[in-house]
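A short worksheet on the structure shown next.
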Amino acid sequence: MNSEEEKPKAFKVDDRRRFSAEGELKPEFRGVDQTGRQSQAPEAVVLPSGSAVKTGVTSPVPPTGEATEISFATFMVGLSTQALFHLGEIADPQGGEPQADLPAAQQLIDIIGMLKEKTRGNLDHDEQTLLDAILFELRMKYVERARQAPR
């Protein structure tokens, strides 16, 4: 018998992941989003703790002449940005100092938590991971700020 006939046929594995083991966008995916269009930003959100969460979201600012497409991830990032503003993590865009408004921050965190409960089972893995990371970071920041607040 021929030894080639006894060997099972080999199969080829294509690694289609967009990110390397270090979390960096692979060179072949730089500049192209999932739809094949040119992207303007990396597909990750850097949270206040410095950790990055892959979102599958491209730039919130579209190239000139294109309409902005909002997704669940961009909506959640927008809500979390508002919460960070109210937690005093982000300075006032009009040049003011960061100021904490804990009741407003708590309300936004509760809204994000409610959306997590209402969308349970309807999110893909990336959306669920993003939502979990956002809620964890915001809740930790809220507890930190609430402990610092004068009583």
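We did not get these values from a lab; they are worked out from the coordinates using the rules stated. Quick caveat, the model's predicted, so the values are computed rather than measured. Cβ placement follows ideal geometry from the backbone for every residue including glycine, while neighbour counts extend to all protein chains displayed.
A few remarks follow.
- Taking the average, over residues, of other Cβ atoms within 10 Å as the packing measure, peptides 140-149, 99-108, 82-91 rank 82-91, 99-108, 140-149 from highest down.
- The residues neighbouring PHE85, those whose beta-carbon lies less than 15 Å from its own, together hold a net charge of -3 under the Lys/Arg +1, Asp/Glu -1 convention.
- ³J(HN,Hα) computed for each position of region 115-126 - Karplus, 6.51 cos²θ - 1.76 cosθ + 1.60, integer Hz, glycine/proline x: 5, 4, 5, 6, 9, 3, x, 10, 9, 7, 4, 5
- Mean projected area in nm² (Cα convex hull; one quarter of hull surface) for region 61-133: 6.3
- Karplus-derived 3J(HN,Hα), 6.51/-1.76/1.60, for each residue of region 131-145, Hz, glycine and proline x: 4, 4, 5, 4, 4, 4, 4, 5, 5, 5, 5, 5, 4, 4, 5
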